[in-house]
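The values are calculated or read from the model by the stated rules, or taken from the named source; none is laboratory data. Not measured: the values here are computed from a predicted model. Positions of Cβ are backbone-derived with ideal geometry, glycine not excepted, and every protein chain shown enters the neighbour counts. These accessible areas exclude ligands, DNA and RNA; they are computed on the full protein's heavy atoms, side chains included. Shrake-Rupley method; radii C 1.70, N 1.55, O 1.52, S 1.80 Å.
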Amino acid sequence: FIVPLLARLGYGDDDRYDGMPVLAAHGSRDTTLVIDFACFNSSVEGLRNQPLLTVEAKREHRLAKERELLSAHNQAKSYCMWTQCDYFLVTDSRTLHAYHVARGGHQTLSPVFECGRHELAARFGELYAVLSKETLTKHYLRRLSTTEETR
């Protein structure tokens, strides 16, 4: 489900790192997190090492309970914190929940897009507008230019 979805969003095989390890720390102990899918834009030099999107994949029906969704949300959000990624997707192939990570301040569990798989065909344009390689490339290039301007 996820690989074909990412392909439709514009992420080719060269733009995807499946099972990407990320060095992190839990207190004073080093640890390694594993991102299910990290999506990049391999054709833009300045973004080759910047994940545009991370995806946390759960087994089917795993996100049916609010507690499980919150746990997956927190797991995916931690990946974003360690990689400086601004967007993540959590899915169990039955539902999709996309989030934008707000830096600083309080982060609430408010998706920028969510739908069930049965709605996906009708709402794909909305998802594409939020998470496509094209959309997120523009987002990160703007962020990069703003960062460079402040140096």
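Observations on the model:
- Region 13-25, subset charged (D, E, K, R) and touching a residue at least 12 places away in the same chain (Cβ under 8 Å), residue surrounded by the fewest Cβ atoms within 10 Å (Cβ to Cβ): ASP14
- Members of region 26-54 that are in a strand (DSSP E or B) and surrounded by 15 or more Cβ atoms within 10 Å (Cβ to Cβ): LEU33, ILE35, ASP36, PHE37, ALA38, CYS39, LEU53, THR54
- Looking across region 65-110 at every residue that is under 20 Å from LEU144 (Cβ atoms), of a type in the set (A, V, I, L, M) and open to solvent by 10 Å² or more (accessible area, probe 1.4 Å), the one that is modelled with the highest pLDDT is identified as MET81.
- For region 1-12, a residue qualifies if it is open to solvent by 30 Å² or more (accessible area, probe 1.4 Å), under 21 Å from LYS58 (Cα atoms) and modelled with pLDDT of 95 or more, and the qualifying residues are VAL3, PRO4, ALA7, ARG8.
- Listed by first and then second residue, the pairs with beta-carbon distance under 7 Å, at least 6 apart or on different chains, first residue in region 79-99 and within 20 Å of ARG142 (Cα to Cα), second basic (Lys, Arg) and modelled with pLDDT under 95, are PHE88/LYS77.
- Of residues in region 55-64 being touching a strand residue (DSSP E or B) at 6+ places or on another chain (Cβ under 6 Å) and of a type outside the set (Val, Ile, Thr), the one most open to solvent (accessible area, probe 1.4 Å): ALA57
- Within region 109-141, being within 13 Å of the chain's Cα centre (by Cα) and basic (Lys, Arg) holds for one residue alone: LYS133.
- Residue match in region 118-137 (condition: buried (at least 18 other Cβ atoms within 10 Å of the Cβ) and at pLDDT below 95): no
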